[in-house]
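Report on the structure given below.
The values are calculated or read from the model by the stated rules, or taken from the named source; none is laboratory data. Here the structure is a predicted model, which means the values were calculated and not measured. A quick note on method: Cβ atoms are made from the backbone with ideal geometry, for glycine too, and the neighbour counts reach across all protein chains shown. To get the accessible areas, we keep the full protein, side chains included, count just its heavy atoms, and leave off ligands, DNA and RNA. Shrake-Rupley method; radii C 1.70, N 1.55, O 1.52, S 1.80 Å.
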Amino acid sequence: MGLKMHYYQFNIGDYQSHTSHLSEIEDLVYRRLLDWYYLHECPIPLDESEVSRQIRMRSHTESIAIVLREYFERTDDGWIHHRANKEIAKADEKSEKASASAKARWSKKDANALPTLSESNATHNTLPITQDTEHKTQKKTLGKRLANDFLFPLEWEQFCKETRPELHPTRTFDQFKDYWIAQAGQKGVKLDWFATWRNWVRNTNAPKQNPADIVRLTVPSKNEPDPALEKIKEDEKRAAPIPDHVRKYIAEVVRKA
């Protein structure tokens, strides 16, 4: 490859449309990984601890792993970014053509004349940053939407229980599934749905606890009989039966009424 890159154009709308689901730390990780990739023009090392050192985020190896799996492809040489590779290749080709054109013009000038700044500074810095129309074709091949009949995987449930024990796994999954199925267009297409689920679990607000539920969960029920019920039973035992003449009188009154 040619000169190392120290500048590239940044398409804000394109970037946000592909990264709106990331946490603040994951967003920062992705930006730094892209900067490193464009600057060095080579695959990102497979050793995540080395990557965290290179981008100065040693305590965020988990976020680094999530971003790498979602936006980069693992190869034997390291993690690669297809869109960045295409743009770097274009920049190299453009730089070579600009350099050849400048040399052709210089050859026509006097040997002692100095080239102008525009002639000597062949550009290598006109790159958009993220996935564009060309890369969307590949995204459609690699990514997919969440199916309507997608069932709750056991691995997903276990992650929710271990990471956020205060959440109800099934209700959280139902909210996750309803949200992403309703997303139209490219926003509803993901390369790694498990990674998207992990982000959802981490960022979900815990439901408010009902005080009554706390009482029912923390106060053990007593095995002693209910005093009020026992009083009723005792009163029934002590009550005398109604005499026959009183019962007949009551029946006659009811008949005439």
- So, by mean Cβ neighbours within 10 angstrom, what's the order for 75-88, 28-41 with the highest one leading? 28-41, 75-88
- Message: Distance cut-off 25 Å, Cα to Cα: go down the list Lys86/Lys177; Lys90/Lys187; Lys144/Lys177; Lys231/Lys256 and report the pairs above it.
- Response: Lys86/Lys177; Lys90/Lys187; Lys231/Lys256
- Note on the structure: Probe 1.4 Å, all chains present, heavy atoms only: Arg202 accessible area in Å², nearest 10, is 70 Å²
- Computed FRET efficiency, Cβ-Cβ of Lys97 and Leu39, R0 25 Å: what is it to the nearest 0.05? 0.65
- How do Ile181, Ile242, Ile55 stack up against each other in accessible area, from largest to smallest, with a 1.4 angstrom probe? Ile242, Ile181, Ile55
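Multiplying the sequence separation of Arg145 and Gln158 by 0.36 nm and subtracting their Cα-Cα distance, what value in nm do you get?
2.4 nm
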- Task: With a point put 7 Å past each Cα toward its Cβ, work out how far Gln183 is from Asp235 in nm, to one decimal.
- Result: 6.4 nm
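Per residue, what volume in Å³ does the Cα convex hull of the range 17-105 take up?
Numbers: hull volume 10.1 nm³, N = 89.
Output value, Cα hull per residue: 114 Å³.
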- Rank these by accessible area, largest first, 1.4 Å probe: His60, His18, His168. His168, His60, His18
- Message: Can you give me the distance in nm between label points at Ala65 and Gln175, each placed 7 Å from the Cα along the Cα-to-Cβ direction?
- Response: 2.6 nm
- Note on the structure: Order by accessible surface, 1.4 Å probe, largest leading, for residues Glu62, Glu252 comes to Glu62, Glu252
- Item | Local electrostatic count, Cys160, Cβ distance below 15 Å [Lys/Arg +1, Asp/Glu -1] | +1
